[in-house]
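A short write-up of the structure that comes next.
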Amino acid sequence: MTTNDDSSRGSSAEAGPRLAPLAEDDWDSRTRQLLSLISRDADGRVPNVFTTLVRHPDLYERFMPFGSYLLRSGRLPGRVRELLILRTACLTRASYEWGRHVPLAKAVGVTEAEIARIPQGPDADGWAEPDTHLLRAADELHREARLSDATWQALSAHYDEADLVEITMLVGQYHMVAFLLNSAGTELDPGFDPAGFPASAEGATETSGPARSTEGL
């Protein structure tokens, strides 16, 4: 996280994370083996999300295939995936996920204008109809833990049953990761920019209506 969302953590930025990423000098042989599957950032470091989660190596080992599948091998097009992830990052106040996923979103065709509009939610002007339904799905799952009949029906016009399962599971998975990152106070890695992340919870408006990794969860 950054100093911009310090209030959402409830602690000072100078205090650092509650749960620090495990320093490489402290990696045992199992940790080294688990993290060897992760590609390092440009500065040679393993992303903080992984070196934090690996403090529970058994959970890390079981979680990574699931998270990696959704990020890299799922059925949903990359653009759909990243719209859902970025909207979920806004709703959960997960600036780490925002900072890591904006470059991924741009790489799969999400425009800068669309990224800037994501915090405004599904009712903002400019969204194509399918994107409106996706963002509303993220909002409803966050708020109600279920999709409304109207949103399910609208999504069904564009996605099949397996896609609908993946949409709900993807949003749920990124809630789970946000719970860890926000609670641990995980800091955004050097070289990644949280620009565009809403400065307050009000900026994320809710509407009524083991694989090799290069990017992070």
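The values are calculated or read from the model by the stated rules, or taken from the named source; none is laboratory data. Keep in mind the model is a prediction, meaning the values are calculated, not measured. No Cβ is skipped: glycine too gets one built from the backbone with ideal geometry, and neighbour counts run over all protein chains shown. In case anyone asks, the SASA skips ligands and DNA or RNA and just uses the protein heavy atoms, side chains included. Shrake-Rupley method; radii C 1.70, N 1.55, O 1.52, S 1.80 Å.
If the condition is being among the polar types (S, T, N, Q) and in contact with a Lys or Arg (Cβ under 7 Å, 6 or more places away or on another chain), then the stretch 113-161 contributes only Thr151.
So which residues in the stretch 32-77 are of a type in the set (Gly, Ala, Ser) and either farther than 23 Å from Ala107 by Cα or open to solvent by less than 20 Å² (accessible area, probe 1.4 Å) (or both), if there are any at all? Quick ask: steps written out before the conclusion?
Taking the stretch 32-77 first, the residues of a type in the set (Gly, Ala, Ser) are 36, 39, 42, 44, 67-68, 73-74.
Of everything in the stretch 32-77, those that are of a type in the set (Gly, Ala, Ser) and either farther than 23 Å from Ala107 by Cα or open to solvent by less than 20 Å² (accessible area, probe 1.4 Å) (or both) turn out to be Ser36, Gly67, Ser68.
Would you confirm, using the coordinates I've provided, whether Ala105 is within 12 Å of the chain's Cα centre (by Cα) and modelled with pLDDT of 95 or more?
Numbers: within 12 Å of the chain's Cα centre (by Cα): yes; modelled with pLDDT of 95 or more: yes.
Criteria met by Ala105.
For the stretch 123-139, filtering for residues that are in contact with a Ser or Thr (Cβ under 6 Å, 6 or more places away or on another chain) and surrounded by fewer than 23 Cβ atoms within 10 Å (Cβ to Cβ) leaves 1.
Picking from Pro198, Pro210, Pro190, which residue would you name as being modelled with pLDDT under 95 and open to solvent by 70 Å² or more (accessible area, probe 1.4 Å)? Talk me through it step by step, then tell me what you get.
Numbers: Pro198 fails: open to solvent by 70 Å² or more (accessible area, probe 1.4 Å); Pro190 fails: modelled with pLDDT under 95.
Result: Pro210 is the single residue among Pro198, Pro210, Pro190 that is modelled with pLDDT under 95 and open to solvent by 70 Å² or more (accessible area, probe 1.4 Å).
When the stretch 143-183 is filtered for residues that are within 19 Å of the chain's Cα centre (by Cα) and open to solvent by less than 30 Å² (accessible area, probe 1.4 Å), the ones remaining, listed by number, are Asp163, Leu164, Glu166, Ile167, Leu170, Val171, Gln173, Tyr174, His175, Val177, Ala178, Leu181.
Among residues that are under 19 Å from the mean Cα position of the chain (by Cα), under 24 Å from Asn182 (Cβ atoms), assigned to a helix (DSSP H, G or I) and not acidic (Asp, Glu), Leu71 is included.
Looking at the stretch 77-107 only, could you name the residues that are within 26 Å of Thr52 (Cβ to Cβ) and outside any helix (DSSP H, G or I)? Talk me through it step by step, then tell me what you get.
To start, the set of residues in the stretch 77-107 that are within 26 Å of Thr52 (Cβ to Cβ) comprises 78, 81-107.
Selection gives Arg93, Ala94.
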